[in-house]
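Each remark here refers to the structure printed beneath this line.
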Amino acid sequence: MNVDTKFVPSAATCCGSVSGDALTDAQAGELATALKALADPVRLRLVSIIATSPTGEVCACDLPDSLDRSQPTVSHHLGLLVNAGLLEREQRGKWAWFRLRYDRLNELSALLAPPRSEHRPTDSGVTS
């Protein structure tokens, strides 16, 4: 059997490189922590409520009724979001106020964004 050996694709031609701009261990860990924090319907609702607040912040005192959850449950979820760096907490007297950390959300968005490359496959034309 005669095989044409004029063009034998190299690994780079065939498969591309996985070493350029791939997530580092630290980035993957940070992203996983943030995604775990967001991977809960109550926490997603908290982020949504705070994001859509006209003032950009919400008092913890208003959240239990908004979510139909107990204050300890809401506090638990808020704590997870603060620990993941997604919310900022400010104590004002008896109550805590929460606002989104847009800088952190932008960092996460950048980690999830597809790479910018002329070698990236184009849309296959499949419509949804």
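The values are calculated or read from the model by the stated rules, or taken from the named source; none is laboratory data. All values derive from a computational prediction rather than experimental measurement. Cβ sites come from the backbone with ideal geometry, for glycine too, and all protein chains shown count toward neighbours.
Go through the residues of region 10-27 one by one and say whether even a single one is modelled with pLDDT under 95, part of a helix (DSSP H, G or I) and surrounded by 11 or more Cβ atoms within 10 Å (Cβ to Cβ).
Initial filter on region 10-27 (modelled with pLDDT under 95): 10-27.
Filter once more, so that each one left must be part of a helix (DSSP H, G or I): 11-15, 25-27.
From what is left, the residues that are surrounded by 11 or more Cβ atoms within 10 Å (Cβ to Cβ) are 27.
Scanning region 10-27, I find at least one residue that is modelled with pLDDT under 95, part of a helix (DSSP H, G or I) and surrounded by 11 or more Cβ atoms within 10 Å (Cβ to Cβ), so the answer is yes.
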Problem set entry | Extreme residue, modelled with the lowest pLDDT, among residues of region 71-128 that are among the hydroxyl-bearing types (Ser, Thr, Tyr) and in a loop (DSSP other than H, G, I, E, B) | Ser128
Problem set entry | Number of the condition not met by Ser66 [criteria: (1) crowded, with 17+ Cβ neighbours inside 10 Å; (2) under 16 Å from Leu44 (Cβ atoms)] | (1)
Seminar exercise, completed: The number of residues in region 84-106 that are more than 19 Å from Pro54 (Cα to Cα), surrounded by 11 or more Cβ atoms within 10 Å (Cβ to Cβ) and of a type in the set (Lys, Arg) is 1
